[in-house]
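Just so you know, all these numbers are worked out from the coordinates, no wet-lab data involved. On a predicted model such as this, the values are computed, not experimentally measured, just so you know. Here the Cβ positions follow ideal geometry from the backbone for every residue, glycine too, while neighbour counts run over all protein chains shown.
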Amino acid sequence: MIQELFIAALLFFGAGFVLPLAVRSDRRIVRTASYACTILASVLLGIPAIAVLLGSGTVIFPAYAPAGLFSIAFVIDRLAAFFLLLIAVVSACVALYAIEYSEHLDGGSRRNLLCGCTSLFILAMVLVVASANTLSFFFFWELMAAASFFLVMYEYDQPATSRAGIFYFIMTHLSTVFVMLGIILLWLGSGSFALDHLADTPSYLATGSFLALFTGFAIKSGIIPFHKWLPYAHPASPSPISALMSAVMLKVAVYGLLRFLLDVFSPELWWGALILVFGTASAVLGVIYALKEHDLKAMLAYSSIENIGIIFMGIGLYIVLGTAGLPFLATIALLGALFHSLNHALFKSLLFLTAGSVIHATHTRDIEHMGGLVHRMPKTGALFCTGALAIAALPPLNGFASELLLFIAFFESVTVVEPLVKVFLFLCLALFALTSALSAACFVKAFGSVFLGMPRSPESAGAHEVPALMLAGPGILAAACVVLGLFAFQVLTIAGFTIPVMPDIFLIGLLLLMMLVLTYAVAFFASPRTSRVSGTWGCGTHFQEAGTEYSGHGFSEPLDIIFSPLYRTRIRNERTFFDEHGAIFKSGTAEIRLLRVFEEYLYLPVARQFYRIAGAVAKIQNNCLDTYMLYVFVTILTLLVFLGWSA
Amino acid sequence: MSLDFIIYLIINTAFILLIAPLFAGLIRKVKAWTQGRQGPPVLQQYYNLAKLFRKEIIYSPHASWIMRATPLVNMAAIMVAALFVPLVFVPEPVGGIGNIILFLYLLALARFFMALAGLDAGSSFGGMGSSREMSIAAIIEPTTIIVFAALAIVFKSFNIFVMFASSAATGALTTPTIILIGISLFIILIVETSRIPVDNPETHLELTMIHEGMILEQTGRNLALMELSAAVKLTLLMALMINLIIPAGLAVTLTAAGIFIAAILFILKGSLLAVIIGLFESSMAKKRFFQLPSLFAMAFFFSTLIIIIEVFA
Amino acid sequence: MIESAFVAGLVRVLFVCIIITAVYIISARNLLSIVSVYAVQSLTLVVIALLLYLLEGAPVLIAIAAITFASKVLIIPYFIATIQEKIRIKRDIQFHFLSPTSSLFVSMGLMLLVYIVLERVMAATGDRDNLFFFGAVLGISLMLMGMMVTFSRKRALTKILGFLSMENGVLLFGLFVTELPFIIEFLIVIDLIILVLLTTILTVGLDSTLEDYHKRLHRFHLWEDEVEVR
């Protein structure tokens, strides 16, 4: 049954891909049909995922092996089922939203390509997660990368987009290279492509393979310092695609890392410490960069980096505690990481979709040109607010539930015997707390400057609420955020993990509601119910202008200054004088800019080196047919000699 | 949920609501004395709240539902957080109530809405207050979590109820380290309740205000709710310190006499702490905003030191 | 009789005090208070020595406490305070290499580093008491922190205080690790050296035969009892 449903889902995804490409006419009905296929497929995918997750047993599909070693096989165990569920929920909501959204895009029949590729992209991610061996994993991984590249390049005629697309293409293939390297090293070690436990592999091969795979997955999931493609690619692509990439594709990379760590390797302590360090760095730096950002979608992209960092912290903690002989705490940390993956998928796609609505209504991504939208788009505002509360990890929403699990794992780790590990964990804990407090500040800024106050541009003043379909998708996600938050304890219990130290958030929710009702009742009965409207107090000015209110930049200024050593502002001024003493000023230029540390000190030097090597290699390409014939001749000759030698 | 626990919920909520304005008034009185003024009566806070409750509310034309919901959400979150800190009677914890992380995040929930309300009316004062409040809250957070982690190490639990119960069982200091943790808790209290040298609760001067700036647009009963919740938060953090350092008299069984004595003792100890806070504030000058990070770095260093010593030595 | 666990707890609290005083000497700007903080640091050492006496009962500890109290709590701070009354420099606000905030984190890192290194060094010596081991770690860290003061601060007086707090580190290390009867002589020798060093400075500062020095102080308006000229 599960097998049939899964295959049906795959077929529907395929239909969603083929339909808009086969029927090339630029009509709404074609695209709606394609999205409907995607939604249906997601629902069909969700059912087997839930079934397996609740313990109906691992499902193994017969392998399809066209040639020898190369075989494609699928298996759905609980880990895969969890990620399939995540993909299914987010894809369904995103597709629901995109039905209406894609109609408002420019591009004529190019929009058919958009919805077709969306379907293909989701299909590829599903197949990556369901893959049973490294070869098919790698094959679909590459398919996913290609499909997502086309989606990012949707507005290819914009220079910014094509630059972002190329950047993304390079980074994602760098990731593929490392994953391939890791898989090859694994094959050298074990001699098979199966995702089985490594038994008697030399440890240097295992370590090398782990490092390669970790780098590959870190690039794909945007771990600092490999994160730079996220803030470029997300603003460039259409909002549903940003939502899918941020919420799901990054999680597929997390899945990859987890799959290899859990099933293939037997991790050592320093692996865990490595993942924890990278996770912590990404979490803290991600949110600090997010605070500085005033492009709404780039800000969300940086916030994704932060959340992926938190997930990696959970994974690292899992390994550290696991090797320290504390399996129960390790499980809590792993659950925290997994639960946060799901939660981040939900609230980040919610935020990206509502951000898409806002951008659609105001035609700008700059939060300084928004403001006052809560009066004009009340429903979108409420949905965004839910997402902001969830991502700021506030109870009783889901973001809090998963961070709580990580906090519990950290706090309980005081029983870890090694004192040095303890101090290391405490430092990570402090940075983790800093991260979640900063993300609260970041989303107060986001919600405050986008929705509250007065409109700061005519577009923002004339914005209207989006159509119902564009509210339905985010609405489901927001509801999921609330439900998963309130019933976190119960959900974990149903999934088979009872954690006695985990507080029952539903009870807290009830208490909050009770106190709210109580306060309201007291306020309602004990005080006069009159209220009137009068201008905001502005120190006695006659009228108030939008220019005087606190802007997003102003809001984050204190934190900008506090963290200024991290932002690395470059101030450059050059002056020339008439006299040699430098007294009579002639002319000068001054410039203040943000140093793009990673780009300028890491990416560009590496890129330059490669450029140099490529230049050297290019010399053998001289565009003359005879030369190429010579190459062929030499190659055949070499092969002949090699054959004779080895025979 | 046992009957004991329900009684606890009622007693704790009622008691904290009753005494919270007292401590805030007392601090104000002490500060007035040290400045050579007579100062308002100690009970002035109660009169203020009663007066504000009878006034009508004025909303800005730019204000949205955030402005209307914030006083209620804020009060509710702080009151739920108040259930996490037993003042006079420590029952068995139920369903994770008393979890120290949840406690912190309930305070964060209240702060989040307060900051949004500051931005809501489009006033630059409110925005300034929100921005500074969120910044300060963010950079003190590592210190807070480290102090709570130190408490978790000392008491082998991260439930406030369990901590209080074990400190009440000893009656005095569990270990001398608690004194150091107490100092850290005091710093956190000063920061979280926006007092000198971090913020000046008395002024509406734009250069100094943080918390007051945020609630500048609140009027009538909404303002009353905001002020009351601030007082409750102050009392909560004070209770956390008091019941860990001088737990003498804290009731662990539910008897009328025990609770009565505990309540009297708590008011005495709280008044003492309020006087100390008042004197501390009077002896300090308000720091420049951008000097605060180095102050917090000191506090963080101090708390980490406690952990290191506790772990290693 | 006091419980030994409680005494150990008190010693831990004093450890924190010592580190805080050391950090204060690294990061404070007010010269006058640095001297009194140095006195407090020495006093803490005295108390630690007395508490150790309660734990171990070696009478030499009392001798150490007494000698430390006399020299480092009373005499040396008194001399330095005398110079400071005369010289107008009250603040040391310049820092080399390290800012006050970063020196906090550097010193925390130092402590961890010393811990790791010492743990490897002492691994061979078998079982050990955590408190004593950490006392030794703190001793070396305090020494290093004193050294940090000598290179990160500019004023000569602060440098001297850094040197003195280095010596306190040696004492602390001696209290917790080394055989005490041997170390005591060593300590006294070092103390004497410091005293000599101090006296030289005092003579440079106070002796009026070095007229050049005095004139210079006058010229730069650094001498206190001079009439303000505007």
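Assuming charge only on the beta carbon of Lys and Arg (+1) and of Asp and Glu (-1), the dipole of chain B about its Cα centre is about 560 debye to the nearest 20. Of the residues C:GLN84, C:SER33, C:TYR115, the one whose Cα sits farthest towards the positive end of the charge dipole of region C:28-155 is C:GLN84 (charges of +1 on Lys and Arg Cβ, -1 on Asp and Glu Cβ, taken about the Cα centre). Tell me, which longest segment in chain A has none of the chymotrypsin sites (Phe, Trp or Tyr not before Pro) that fall in DSSP loops with at most 12 further Cβ atoms within 10 Å? Counting only loop sites that pass the neighbour cut-off, the longest clear stretch is A:1-542. Rounded to the nearest 500, the 222 nm mean residue ellipticity of chain A from helices alone is -23000 deg cm²/dmol, with -39,500 (n - 2.57) taken per DSSP H run of at least 4 residues.
Computed from the C-beta positions of A:ILE50 and B:SER2 and an R0 of 45 Å, the FRET efficiency is 0.80 to the nearest 0.05.
In a GNM of chain B with a 10 Å cut-off on Cα contacts, which of B:THR203, B:THR144, B:THR193 has the highest mean-square fluctuation? Its mean-square fluctuation being the largest, the pick is B:THR203.
Can you sort B:SER2, A:SER190, A:SER349, A:SER209 so the residue with the fewest Cβ neighbours within 10 Å comes first?
With the sparsest Cβ surroundings first, the list reads B:SER2, A:SER190, A:SER209, A:SER349.
When a footprinting reagent is the concern and you count Cβ atoms within 10 Å, what order do A:ASP560, A:ASP626, B:ASP199 take, fewest first?
Result, fewest neighbours first: A:ASP626, A:ASP560, B:ASP199.
Per residue, the average separation of C-alpha pairs within less than 8 Å and at least 6 apart gives region B:3-312 a relative contact order of 30 percent. Pairs exceeding 25 Å between alpha-carbon atoms, taken from A:LYS422/B:LYS287; A:LYS348/B:LYS233; B:LYS233/B:LYS287; B:LYS29/B:LYS233; A:LYS422/B:LYS233; B:LYS31/B:LYS51: A:LYS422/B:LYS287; A:LYS348/B:LYS233; A:LYS422/B:LYS233. Note on region A:519-579 and region C:96-150: Cα centroid distance 45 Å, given to the nearest whole angstrom. Would you work out if region A:35-154 is rounded, prolate or oblate? Take a ≥ b ≥ c from the square roots of the eigenvalues of the alpha-carbon gyration tensor; rounded if a/c is under 1.5, else prolate when a/b is larger than b/c, oblate otherwise. Note, shape of region A:35-154 comes out oblate. Shape summary: chain A maps onto an equivalent ellipsoid whose semi-axes, from the alpha-carbon gyration tensor, are 41, 33, 28 Å in decreasing order. Exposed loop sites here mean trypsin sites (Lys or Arg not before Pro) with a DSSP loop assignment and at most 15 other beta-carbon atoms within 10 Å; chain A contains its longest site-free run at A:28-528. Each listed q (0.15 Å⁻¹) maps to a log10 I(q)/I(0) for region A:357-501, found by the Debye formula over equal Cα scatterers with no solvent: -0.84. Could you tell me whether region B:52-164 comes out rounded, prolate or oblate from its Cα gyration tensor? Rule is a ≥ b ≥ c as square roots of the eigenvalues, rounded for a/c under 1.5, then prolate if a/b exceeds b/c, otherwise oblate. Oblate, since a/c reaches 1.5 and b/c is not below a/b. Net charge in the neighbourhood of A:LYS586 (other residues with Cβ under 14 Å of its Cβ; Lys, Arg +1, Asp, Glu -1) is -2.
Relative to one another, the C-alpha centroids of region B:56-102 and region C:3-81 are positioned 46 Å apart.
Counting every other Cβ atom within 10 Å of each residue's Cβ, A:ASP504, C:ASP129 order from fewest to most as C:ASP129, A:ASP504. Relative to the longest principal axis of the Cα atoms of chain B, helix B:292-312 runs at roughly 10 degrees. In region B:3-312, taking the dipole from charged Cβ atoms about the Cα centre, the farthest positive-side position among B:ALA69, B:PHE148, B:GLN218 is held by B:GLN218. Between the C-alpha center of region A:61-102 and that of region A:430-499 there is a gap of 26 Å. Once the Cα atoms of helix B:44-53 and of chain B are each reduced to a long axis, what angle between those two axes, in degrees from 0 to 90 to the nearest 10, is obtained? Rounded to the nearest ten degrees, it is 60. From its DSSP helices (H runs of at least four residues, each -39,500 (n - 2.57)), chain B gives a residue-normalised ellipticity at 222 nm of -24000 deg cm²/dmol.
Taking label positions 7 Å along the Cα-Cβ direction at both C:GLU56 and B:TYR46, the computed distance is 5.9 nm, reported to one decimal. To the nearest ten degrees, helix B:177-192 and the longest principal axis of the Cα atoms of chain B are 10 degrees apart. A dipole drawn for the protein assembly as shown from +1 and -1 charges on Cβ atoms has a positive end, and of B:ALA257, A:PHE525, A:ALA324 the residue lying farthest that way is A:PHE525. The Cα atoms of the protein assembly as shown cover 99, 91, 78 Å along the three principal axes, with the biggest extent listed first. Could you pull out which residues in region C:139-181 have an amide N less than 14 Å from a spot 7 Å beyond the Cα of C:GLN94, following the Cα-Cβ vector? Residues passing the 14 Å test: C:151-159. If you plug the beta carbon distance of A:GLU591 and A:ASP157 into 1/(1 + (r/R0)^6) with R0 = 25 Å, you get a FRET efficiency near 0.25. Chain B has equivalent-ellipsoid semi-axes of 30, 23, 20 Å, by the square roots of 5 times the alpha carbon gyration tensor eigenvalues, sorted largest first. Taking Lys and Arg as +1 and Asp and Glu as -1, the other residues whose beta-carbon sits under 10 Å from that of B:MET134 total +2. Residues with beta-carbon under 11 Å from that of B:LEU189, excluding B:LEU189: net charge, scoring Lys, Arg +1 and Asp, Glu -1? Net of charged neighbours comes to +1.
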